Amino acid sequence: MPQHQSSNRFQKRKMAEINVVPYIDVMLVLLVIFMVTTPMLAEGYKVKLPEASAKPVKKTKTKPIVVSVDEKGRLYVNLGETPHKSMKAKKLVKMVMAKRNKHPKVPILIQGDVNADYGKVINAMSILNNAGIENFSLITKPTKRR
């Protein structure tokens, strides 16, 4: 009998462990997806906006078209697959008009960097106006209350 007890003592116990490797793989894939898609969610190209006290534009159901002018005068629009790449005026007008034809009441917003040449922002407004767009708004940052 004593031999039987000693053999039980040396048996290995099965341990219940969770294999976390597949979960880590899924988390890494989700992380990459979120890292790629998050910059695309921003409204237009990021510029440093000037401050002004103005009434906010009414929100609409459709996502507005945002035309951005950076400090070097380059043009951007928040449409298409590459909203963070600058484009020529003709391509910008083509994209804006295509969106405007599908959604005639979509608001068009222009944001110019605080360090952009005033003429470059006016040029962006002129480009849109020459394409037949008469209603657009300028984006500014609210003034700081003192």
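Since every read-out is calculated from the coordinates, none of them should be taken as a lab result. This is a predicted model, so every value here is computed, not measured.
Annotations for the structure displayed:
- Given 94/141; 102/141; 105/144; 63/91, the pairs whose alpha carbons are separated by over 25 Å: 94/141; 102/141; 105/144
- Put simply, segment 59-115 fits an ellipsoid with semi-axes of 20, 13, 9 Å; these come from the alpha carbon gyration tensor as the roots of five times its eigenvalues, largest first.
- Computed 3J(HN,Hα) for segment 116-128, one whole-Hz value per residue from the Karplus formula 6.51 cos²θ - 1.76 cosθ + 1.60 where θ = phi - 60°, is 6, 5, 3, x, 5, 5, 4, 4, 4, 5, 5, 4, 5, glycine and proline marked x.
- Estimated at 0.36 nm per residue, the fully extended path between residue 123 and residue 91 surpasses their Cα-Cα distance by 10.0 nm.
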